[in-house]
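To start, the structure under review is shown below, and the notes come after it.
None of the figures in this text is laboratory data; all of them are computed from the coordinates on show. Note that the coordinates shown come from a computational prediction; the quantities given were computed from them, not determined experimentally. Neighbour counts are summed over all protein chains in view; Cβ atoms, including those assigned to glycine, are modelled from backbone coordinates with ideal geometry.
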Amino acid sequence: MSVILNIEGLKVSVDDKEILHGIDLQIRRGETHLLLGPNGSGKTSLLLAIMGFPQYRITSGKIEFKGQDITSMPIDERARLGIGISFQRPPTIRGLRTRALVELCGRGEVDVDSLASLLNLESHLDRDINHGFSGGEIKRAELLQLLAQKPDLVLLDEPESGVDLDNMSLIGEAINLLLGKNKPYRERRTEDGRSGLIISHTGHILEYVNADVGHVLYEGTIRCTGNPGDLLAEIRRMGYRECAQCHVARIR
């Protein structure tokens, strides 16, 4: 399997305050990684740095995507290369219809109505983006845009946040479709396979989407990596602070 995302020694600052303190991370083709951590640990900062938001200033290290150094590349070029993101709290955009944005994401080559029917969003296509949408509808609209974009790397920021159980089941199905989880294992690992990085502080998403690798991000550093279910069980038993301290004690 080829490495699609390679991060080495990444340090990121916001307003001259360092948020990430040397992140090393590799994601291979077809893999889904789950990044666990408490609120304020730097999870969203990592996703936005990967996507290239300029306020997340990279002070050290590098990001490579599909073998190309994208550390200084602007957001639009990263999106064209094949990185897509779903935000935890996307904005409302008045005056721009959902249908128009989905068409832009798919470069006019998608059947918007068919995709919308998969997410039960047909009646939302001619409404302004996220205006008056519920939490679950906003998440589904974000996934609709990603399904149209067909990115090679999918970044999902807290997809279960603010979503009720009925919406969560539909969102889980859409994420599995987006990541190609319906395909055989070997097929997902080919050059056409899609990879994902999902961040969560509850781990609730694991009830709907299988992840291959889990990481714990705590106070700006990745403290441990392993089986996502095992890591979540330890976190539920001990809490994030005790889990991180236990790991540090083991490696000393």
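Please check: in the Gaussian network model of the chain (C-alpha springs, under 10 Å), which one of Gly226, Gly84, Gly135 has the largest mean-square fluctuation.
Per the Cα network of the chain with a 10 Å cutoff, Gly226 tops the list.
Which residue, Asp15, Asp69, Asp164, tops the fluctuation ranking in a GNM of the chain built on C-alpha contacts under 10 Å?
Taking springs between Cα atoms under 10 Å, the residue moving most is Asp15.
Please name which of Phe87, Ala211, Pro159 has its Cα lying farthest along the dipole of region 3-251 towards the positive end, using unit charges on Cβ (Lys, Arg +1; Asp, Glu -1) and the Cα centre as origin.
Ala211
Which of the aspartates and glutamates could a cross-linker bridge to Lys139, judged by Cα under 14 Å and excluding same-chain residues fewer than eight apart?
Excluding near neighbours in sequence, the set is Asp157, Glu158, Glu160, Asp164, Asp166, Glu173.
Given the DSSP H assignment, sum -39500 (n - 2.57) over each helix run of at least 4 residues in the chain and divide by its residue total; what's the result at 222 nm in deg cm²/dmol, nearest 500?
Mean residue ellipticity, 222 nm, calculated: -10000 deg cm²/dmol.
Calculated FRET efficiency, Asn176 and Glu103, Cβ-Cβ r, R0 25 Å, to nearest 0.05?
In this case the efficiency is close to 0.55.
Of Ile198, Leu179, Gln245, which is farthest along the charge dipole of the chain in the positive direction, counting Lys and Arg as +1 and Asp and Glu as -1 at C-beta?
Gln245
When DSSP assigns beta bridges and you keep just the ones with both residues in the chain, what percent turn out antiparallel, to the nearest 5?
Just about 60 percent of them are antiparallel.
Would you mind classifying region 1-90 by shape? Square roots of the alpha carbon gyration tensor eigenvalues, ordered a ≥ b ≥ c; an a/c under 1.5 is rounded, otherwise it is prolate if a/b is larger than b/c and oblate if not.
The shape class here is rounded.
Which links in Lys43/Lys181; Lys11/Lys66; Lys11/Lys62; Lys66/Lys150; Lys150/Lys181 stretch past 18 Å when you go from one Cα to the other?
With Cα atoms farther than 18 Å apart: Lys43/Lys181; Lys11/Lys66.
Can you pull the Rg over Rh of the chain, Cα-only, Kirkwood?
With Rg and the Kirkwood Rh in hand, the quotient comes to 0.96.
If you fit an axis through the alpha-carbon atoms of helix 240-251 and take the longest principal axis of the Cα set of the chain, what angle between them do you get, 0 to 90°, nearest 10?
50 degrees
Considering only region 38-171, what is the antiparallel percent among its DSSP beta bridges, to the nearest 5?
Of those bridges, close to 50 percent are antiparallel.
Normalised by the residues of the chain, what does the relative contact order come to in percent, with Cα pairs under 8 Å and at least six apart?
26 percent
Hey, what did region 17-120 get for relative contact order, percent, Cα under 8 Å, at least 6 apart?
RCO, region 17-120: 16 percent.
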